[in-house]
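The values are calculated or read from the model by the stated rules, or taken from the named source; none is laboratory data. These numbers come from a predicted model, not from an experiment. For neighbour counting, all protein chains shown are included, and Cβ atoms are generated from backbone atoms with ideal geometry for every residue, glycine included. In case anyone asks, the SASA skips ligands and DNA or RNA and just uses the protein heavy atoms, side chains included. Shrake-Rupley method; radii C 1.70, N 1.55, O 1.52, S 1.80 Å.
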Amino acid sequence: MRIIIKDDYEKMSKAAADIIADMIRVKPDCVLGFATGSTPIGTYKELARMHKEENLDFSDVKTFNLDEYLGIGMEMSKPYETDQSYARFMYEELFKHINLKKENIHVPDGLTKEPENFCSWYESEIKRYGGIDIQVLGIGGDGHWAFNEPGSSLASRTRVQALTKQTLEDNFNSFYRKAKVKKEDMPHFAITMGIGTILETKHVLMIVNGINKAGIVAEALEGCITSKVTASAIQLHPGKVTVILDKPASSKLTWSIGK
Ligand code: PGA
């Protein structure tokens, strides 16, 4: 596991974008796994800049997103305020700024009427494309990876997952700002790649910033491997793992950064 510590969020974001851009230059038809949330926004901004100013070409790139709320999805006909889907987030934060082809984008379909069939299909699509070359991940306040809440099997596959109270609390602000919904109206379920699915990606790229995440980062990287902190499965990944932290997020690490 390679742990890179950067001074601040901007430098963390730039370092992550550089790794992704290098992959695209070496393998223009690579398969990228994307995440949502506040953490990767700076990385996506930098990728969009590289596309605009340095001709970083996404025309053959394929993408798979980690998760999506169940019951909502991107319906472009509806106004922005009524759509807090992760598909919409990806469109606004990255996809509309780069030259990805629509048919190469995969975000779990939160509007599916057959979630179980959809989840199996999603798994098979990832395999059909040859697996994910780089998977971007953050970490939730409760240590989740994607929507793999505490207690999720570390061998889990893409499936429907109930969201915990903490995740609903954590995500409510961004949800509310866009939709003015009540807490009880937030989707309580999501489709998420499983931990087993994530562990099959060739290169795990985890990015974390902020002092609020310092404790959970230390637990995930240096604590016991446990389904209570599903991101601790990072220690089980057999391939390439890069963790990029800003200084505050790294402040509770002990042995792994040589303190
Ligand atoms: P955040 O979410 O980037 O908004 O902190 C991370 C996550 O829940 O995985």
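Quick notes
- Filtered residues of the stretch 69-104 (kept if modelled with pLDDT under 75 and open to solvent by less than 20 Å² (accessible area, probe 1.4 Å)): Gly73, Asp83
- Close contacts from the stretch 132-149, counting a first residue that is under 11 Å from Gln166 (Cα atoms) and a second that is aliphatic (A, V, I, L, M) and within 9 Å of the ligand (Cβ to nearest atom), with Cβ to Cβ under 8 Å and a gap of 6+ residues or different chains, come to Gly140/Ala231; Gly143/Ala231; His144/Ala231.
- Residue ID - most open to solvent (accessible area, probe 1.4 Å), chosen from residues in the stretch 1-20 that are in a strand (DSSP E or B) and within 22 Å of Lys202 (Cβ to Cβ): Arg2
- Number of positions in the stretch 148-200 that are in contact with a Lys or Arg (Cβ under 7 Å, 6 or more places away or on another chain), under 17 Å from Cys119 (Cβ atoms) and part of a helix (DSSP H, G or I): 2
- Residue satisfying condition, being open to solvent by 20 Å² or more (accessible area, probe 1.4 Å) and β-branched (Val, Ile, Thr), within set Ile207, Ile225, Ile234, Ile244: Ile225
- Single unsatisfied condition, Thr63 versus (1) part of a helix (DSSP H, G or I); (2) under 27 Å from Thr167 (Cβ atoms); (3) without any contact (Cβ under 8 Å) to a residue 60 or more places away in the chain: (1)
- Single residue of the stretch 110-147 satisfying the filter (outside any loop (DSSP other than H, G, I, E, B) and among the hydrophobic types (A, V, I, L, M, F, W, C)) that is most open to solvent (accessible area, probe 1.4 Å): Trp121
- Cys119 fulfils the conditions (1) under 26 Å from Ile244 (Cβ atoms); (2) touching a strand residue (DSSP E or B) at 6+ places or on another chain (Cβ under 7 Å); (3) more than 16 Å from the ligand (Cβ to nearest atom) except for a single criterion, (1).
- Of Ile191, Ile216, all but one fail to be at pLDDT 90 or above, buried (at least 22 other Cβ atoms within 10 Å of the Cβ) and away from the ligand (no atom under 13 Å from the Cβ); the exception is Ile191.
- Check on Thr164, of a type in the set (Ser, Thr, Tyr), within 14 Å of the ligand (Cβ to nearest atom) and open to solvent by 20 Å² or more (accessible area, probe 1.4 Å): yes
- Residue list for the stretch 148-161, restricted to those being open to solvent by 20 Å² or more (accessible area, probe 1.4 Å) and either in contact with an Asp or Glu (Cβ under 7 Å, 6 or more places away or on another chain) or not aliphatic (A, V, I, L, M) (or both): Pro150, Gly151, Ser153, Arg157, Arg159, Gln161
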